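Scroll down for the structure; my scribbles are underneath it.
Taken together, the values in this text are just the output of simple stated rules run on the coordinates, not laboratory data. A quick note: this is a predicted structure, and the numbers were derived from the prediction, not measured. Every residue, glycine among them, receives a Cβ derived from its backbone with ideal geometry; neighbour counts consider all protein chains shown.
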Amino acid sequence: MLEIKGLEASIGDKQILRGIDLVVPSGEVHAVMGPNGAGKSTLGYVLSGRAGYEATAGLATFNGADLLDIEPEERAALGLFLAFQYPVELPGVGNANFLRTALNALRRARGEAEMDAPGFLKLARAEMKRLSMPDDMLKRNVNVGFSGGEKKRNEVLQMAILRPKLAILDETDSGLDIDALRIVADGVNALRGPDFSALVITHYQRLLEYIVPDRVHVLVSGRIIRSGGPELALELEANGYAGMVADAA
Amino acid sequence: MTAVAETLDAVQSATEGGYKWGFSTEIEMDMAPKGLNEDIIRLISSRKEEPQWLLDWRLKAYAAWLKMEEPHWAMIHHPPIDYQDLHYYAAPKKKAGPKSLDEVDPELLKMYEKLGIPLKERAILAGVELPEGEAPQVAIDAVFDSVSVATTFKATLAKAGVIFCPISEAVRDHPELVRQYIGSVIPAGDNYFAALNSAVFTDGSFVFIPKGVRCPMELSTYFRINARNTGQFERTLIIVEDGGSVSYLEGCTAPQRDENQLHAAVVELVAMNDASIKYSTVQNWYPGDAEGRGGIYNFVTKRGICKGANSKISWTQVETGSAITWKYPSCILQGDGSVGEFYSVAVTTNHQQADTGTKMIHIGRNTRSTIVSKGISAGKSNNTYRGKVSVLKGAENARNFTQCDSLLIGDQCGAHTVPYIESRNPTAKLEHEATTSKISDDQLFYCRSRGLSQEDAVGMIVNGFCRDVLKELPMEFAVEAQKLLAVSLEGSVG
Ligand SMILES: Nc1ncnc2c1ncn2[C@@H]1O[C@H](COP(=O)(O)OP(=O)(O)OP(=O)(O)O)[C@@H](O)[C@H]1O
Ligand SMILES: [Mg+2]
């Protein structure tokens, strides 16, 4: 379970998050929507520990462990995964090597045996097949020369292989064609279960038709101004944020 | 006091202390007095039982050296070297090193541990003196399993007609070959350090690959008996006749200490028609402590000549050690259609200084050269790529591609690129690309968010940056080099 209480965060001396309260129980998928610049990505970064995104007040725990106090890799070992809005290129680093190193780092941290290269390749190939990704994706350098959509799919592949307990998907649906959208949704839905929760950041109600959320939260100017069921996304789609912001004020 | 003098005095006092503790007096007998003059050179030559022509050659080099000045064009700074304060002959070499691992720089020991070097080997590499009765050779055998390996190894080579031996042995057993080729690529008076080496060299390897022979195994200095006692003034000569090929590995990823702070090696390569030579180096001499004290000064002259048509010489180097690296492995592309390659990774951290690069001299028609240089600087270090591509008049259709990339870690280090291009033939096509980048916070965070530690993340990004060079190394070396790069940069970020 992810529990966030009164979370405030700044970048430099600019305050971005102004008191977030949010609980995502195990087994649930929550959507976060909100206008550009509202602080959605910032929330993802603060939870996963990016330098320069400083939590100045409040709490964030995952299954009881204080997230804000530990290194990004320790958060990953706890089961946190962030699918980046803008995946980063790693020139010269092979995708397979990167993924296997990451997987084994997580396994080591959890006291599990490392996976050898053949075992890993088998796992990776199976996941790629499920996500309709071509085999050469593994041989290419991490995100280098990938199209926008390929980068997003690569994030989903990483998620499928690393099997997180809490996934934060930051606009993973943006820039995807319809088929890819379905594949991404399948990737998330495949992980769904009592020990998995997800925070899906999106601008589009369409994704939520494939990944049906338990709750939808509306984040505006660093605060969650409304929460509700899946129907809230439909309401936003129809009316936009303006009315909701006025109501909340 | 000069830096070299300091180190040597420390060695000297340890040696003197050593006598008190009852070490062999053999050292005293075989250590030439400090200083360099004709008598010392005569002594070296007579101890090695050299022919007159080699003595004359050494003396000529010495005379040239006396008239030369230490070069100062490189981006390196060091206290003046007092050449009269060195011992130029000492045999057998007995290390006057630390008495136990407790006396060794703890940083160095940490590095051994990270590289996975067994305890016993760590002591040897750090130059710890072994108690009397425990001959170092035995331990070295354990390290590289050398006696048995070297024996089968030598038999296989002999069967193929390959000569691979210490250069002093070659002077004795194959004088006509040595006489023909020594100094033929790097003349005795080529530069200050090469001249010094020519006058006083005492160690090094000799390789001869006869016509049509592809050397059946990679030749590694590991397997040369006594390879551990790498000399201060090494001289290596490799000759490959028509259609032959060889891959030669020099160095070792484990950081090595040496009582000699100044190193001035010379390597000459000769490739005849259709011959190919691949020369790979991993250089990890002791860089000094975090302040740069006590590190090795490495002034190396390496040059190969593609004498024959369609011959090929390829230099690959991974340079992570030494306080100072001054080194420009070069190719003279004389044969038509010959190919020169230079792949280099140079890492500097703390106060290390590296000024390294290559020269590609296009003489023959249709000659091609490739230069890929990756410089990584961290800490307060300085890393300079210095390269020259020169196309002479007759080099119709010469081609060069140069790629120079610098990676900066932190904001107190320096990266410099000094490319010279000189073309006297209008048909030449020369391309040069250069980039400077930093390990970005984005990249580090991306890796760490996937579970990689900060250090693994740096290692992964740096190895990615160096990929184009590392893939040129022989497999076994490449794996070690990758680990070495990651370990060298530990603690440099964040
Ligand atoms: N490095 C930075 N320095 C200063 N301000 C920043 C920095 N990064 C983000 N911000 C600001 O923080 C605010 C929140 O940004 P954030 O990326 O979290 O928005 P978002 O809700 O994800 O928007 P979008 O829907 O466009 O992705 C924005 O006003 C943005 O300009
Ligand atoms: Mg965003």
**Q.** Most to least packed among B:388-396, A:138-146 [average Cβ atoms within 10 Å]
**A.** B:388-396, A:138-146
**Q.** Antiparallel bridge percentage (DSSP; both residues within chain A; nearest 5)
**A.** 60
Q) What helices does chain A have that are whole DSSP H segments, at least 15 Å long along their own axis by Cα, and with mean Kyte-Doolittle hydropathy of 0.0 or more? A) A:178-191, A:231-248
Q: Measure up B:Lys327/B:Lys380; A:Lys40/A:Lys139; B:Lys159/B:Lys307 against 28 Å on the Cα-Cα distance and list the ones that go over.
A: A:Lys40/A:Lys139
Q) Going toward the positive end of the dipole of the stretch A:58-123, with +1 on Lys and Arg Cβ and -1 on Asp and Glu Cβ, which of A:Ala65, A:Thr101, A:Ala77 do you reach last? A) A:Thr101
Q | Residue-count net charge about B:Asp39 - beta-carbon cut-off 14 Å; Lys, Arg +1, Asp, Glu -1 | A | +3
Q: Among B:Ser311, B:Ser220, rank each residue by its count of other Cβ atoms within 10 Å, from fewest to most, as a rough exposure measure.
A: B:Ser220, B:Ser311
Q. About its Cα centre, what dipole magnitude does the stretch B:333-441 give when the only charges are +1 on Lys and Arg Cβ and -1 on Asp and Glu Cβ, stated in debye to the nearest 20?
A. 320
(Q) Just want the ordering: B:His77, B:His87, from fewest to most Cβ atoms lying within 10 Å of their own Cβ. (A) B:His77, B:His87
Q) Using a Gaussian network for chain A with springs between C-alpha atoms less than 10 Å apart, which of these wobbles most: A:Leu123, A:Leu176, A:Leu166? A) A:Leu123
Q) Where Lys and Arg each count +1 and Asp and Glu each count -1, what net charge lies around B:Ile363 among other residues with Cβ under 13 Å from its Cβ? A) +3
Q. Among the GluC sites (Glu not before Pro) within the stretch A:86-157, which fall in a DSSP loop and have no more than 11 other Cβ atoms within 10 Å of their own Cβ?
A. A:Glu112
Q | Cβ-defined net charge surrounding B:Val246, 10 Å radius [Lys, Arg +1; Asp, Glu -1] | A | +1
(Q) What whole-number distance in Å separates the alpha-carbon centres of the stretch A:174-249 and the stretch B:266-310? (A) 60
Q. Once phi is turned into θ = phi - 60°, what whole-Hz ³J(HN,Hα) does the Karplus curve with 6.51, -1.76 and 1.60 give for every residue of the stretch B:361-377, x standing for Gly and Pro?
A. 10, 8, 10, x, 6, 6, 7, 10, 9, 10, 10, 10, 10, 10, x, 10, 10
Q. Among A:Pro230, A:Pro194, A:Pro213, whose mean-square fluctuation peaks in a Gaussian network model of chain A (Cα, cutoff 10 Å)?
A. A:Pro194
Q) Taking the DSSP beta bridges in the stretch B:261-344 as the whole, what percent of them are antiparallel, to the nearest 5? A) 0
Q) Listing B:Trp57, B:Trp65, B:Trp73 from the residue with the fewest other Cβ atoms within 10 Å to the one with the most, what is the order? A) B:Trp73, B:Trp57, B:Trp65
**Q.** Intensity falloff of the stretch B:368-476 expressed as log10 I(q)/I(0), Debye formula with alpha-carbon point scatterers, at q = 0.10, 0.19 Å⁻¹
**A.** -0.40, -1.00
Q: Rank A:Val93, A:Val29, A:Val220 by mean-square fluctuation in a GNM of chain A with C-alpha springs under 10 angstrom and give only the top-ranked residue.
A: A:Val93
